[in-house]
Amino acid sequence: MDSTVSTNAGEVMKSWPHWGERFPRPLTKRRSPAAGRCLCTAVVSLLTVFAAWCAPIAASAQSSPTADRAGDLQIGGGIVFGKSTYNFTASNLVGGSIYSSFDFGGHRFGGHWGVEGNFRNSKPTSDSTVYERTYEIGPRYYITAGRLEPYAKFMVGRGVYNYHDSAANVAYNLIAGGVGGDYRLTRSLNVRAEYELQDWFGFPLAPLRPGLVTVGVAYHFHE
C-alpha cells in the first residue's frame, strides 16, 4: 500500500469482506474533496501547458512535406467502459477520459514515436461511492495506414481509489499497456478506439488490474 496510509489502515481494509457492506472507517485521515479537485486541476493544467508547448510545432509542421513535419498534436475526450476486481469480486466500470498525444514526425525518433498523457475517472455500476481515477503519461509507437493510425503505448502514473462509502481515499503507483487506433475523420477531428490494461502496485487483498475500453473524439491541430 502507498505510504500515505498507515499499517493499521491496511489491517482494517483486510477485514472488508465484499461489496455492499458498510466498511469501518480507517484510522488515518481521509483525503479531503478539495485535495481531489486540486489534483484534477493540476493534471488539466499540465495537459494545457503540454498542448500550448506542442501547438506551434504542430501548426508549423502542417505546411511542411510529410517526411519533414515536426509532429501531430491532438487533444480529446471519450467514454470509458471496463471491468475491475476488488476483494475477488468483479464489477463493471463506466466513466470518462481526457487525453492528449503528440506524435513526432519526419525522421525524428524514426518517425513512429510519440508521447501521450491521459486522465480517467470511472465508477463501478454496482456502487456509486467507489471510483478509480488515474493520471498517466508515457511513450507510444504508431504507424500510418491511410486515414488510420494504429498504435501501442506504455504508460506510468498514479491511481486514486476511493473505497466504499468514502471509507478511505488512497493513491497507488501503476503501469499500463494499451493498443488502439486513431482514425482521421476530417482534417480537424480524429476518432479513437482503445483498450488498456492497468496494474496497480501495492493494492490490498488482491491485485487490481482494470481492463478499460475508451471510445473518444479528439481535435487535431493544423494551420
Heavy atoms of the protein only, probe of 1.4 Å, neighbouring chains included. What is the accessible area of ASP199 in Å², nearest 10?
40
Give the ranking of TRP200, TRP113 by solvent-accessible surface, highest area first, calculated with a 1.4 Å probe.
TRP113, TRP200
For the stretch 104-199, the per residue accessible area (1.4 Å probe, Å²) is 42
Once the piece of chain linking ALA152 and ALA206 is laid out straight, how much longer is it, given 0.36 nm per residue of separation minus the C-alpha distance between them?
16.7 nm
Long-range amide H partners of PHE203, meaning residues 5 or more apart or on another chain whose placed amide H is closer than 5 Å, are LEU208
Probe 1.4 Å - accessible area at ILE98, Å² to nearest ten
70
Label-point separation, SER126 to THR186 (7 Å along Cα→Cβ), nm:
4.3
Under 5 Å from the placed amide H of ALA168, counting only residues 5+ away or on other chains, we find TYR163
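The values are calculated or read from the model by the stated rules, or taken from the named source; none is laboratory data. All figures in this text were calculated on a predicted structure; none of them were measured in a lab. FYI the Cβ positions are ideal-geometry reconstructions off the backbone, even for glycines, and counts take in every protein chain you see. Calculation scope for accessible area: heavy atoms of the full protein, side chains included, ligands and nucleic acids excluded. Shrake-Rupley method; radii C 1.70, N 1.55, O 1.52, S 1.80 Å.
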